[in-house]
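Accompanying notes for the structure given below.
The values are calculated or read from the model by the stated rules, or taken from the named source; none is laboratory data. What you are looking at is a predicted structure, and each value in this text was computed from that prediction instead of being measured. Note that we place each Cβ from the backbone using ideal geometry, even for glycine, and neighbour counts take in every protein chain shown.
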Amino acid sequence: MPKVFLSKRDKDADMLRRNLDLIQGSRSDLAMSHIIGAKAAQTWRSRVQDPYKLTLLEVVKLCEKNHVDPAAFLTKPLGIG
């Protein structure tokens, strides 16, 4: 099989998905959707599936709730602790 090289966009989307997973922790999809201001759990699942659908307001709400710098959330993998 040929090697598959991910584009920068794909790598960034993967990093954002991992950051979203870290922020979610053990919370339910419904709880996370309420944090971003949505009513349905499907909205959160949609954002995790395609992180580029997150609005700036949703990113700010997530980061405020979890005491994370929005610039760090969007640009580098988050660490625990």
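The table for this structure:
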{"item": "Unmet requirement for PRO77, which otherwise passes all of (1) touching a helix residue (DSSP H, G or I) at 6+ places or on another chain (Cβ under 6 Å); (2) in a helix (DSSP H, G or I)", "result": "(2)"}
{"item": "Failed criterion for ARG18 (all others in (1) under 24 Å from ASP69 (Cβ atoms); (2) free of Cβ contacts under 8 Å to residues at least 12 places away in the same chain hold)", "result": "(2)"}
{"item": "GLU64 more than 12 Å from the chain's Cα centre (by Cα), at pLDDT 95 or above and surrounded by 11 or more Cβ atoms within 10 Å (Cβ to Cβ)", "result": "yes"}
{"item": "Residues satisfying the stated conditions in region 49-58, i.e. part of a helix (DSSP H, G or I) and either farther than 14 Å from ALA31 by Cα or small (Gly, Ala, Ser) (or both)", "result": "GLN49, PRO51, TYR52, LYS53, LEU56, LEU57"}
{"item": "From LYS65, LYS61, LYS76, LYS39, residue being of a type in the set (D, E, K, R) and in contact (Cβ under 8 Å) with a residue 60 or more places away in the chain", "result": "LYS76"}
{"item": "Looking only at region 1-53, and only at residues there that are among the basic types (Lys, Arg) and under 9 Å from the mean Cα position of the chain (by Cα), the one that is surrounded by the most Cβ atoms within 10 Å (Cβ to Cβ)", "result": "ARG47"}
{"item": "From the options ARG17, ARG27, ARG9, ARG45, residue that is in contact with an Asp or Glu (Cβ under 7 Å, 6 or more places away or on another chain) and either outside any helix (DSSP H, G or I) or not hydroxyl-bearing (Ser, Thr, Tyr) (or both)", "result": "ARG45"}
{"item": "Residues being closer than 22 Å to LYS8 by Cβ and of a type in the set (Val, Ile, Thr) - total across region 51-78", "result": "3"}
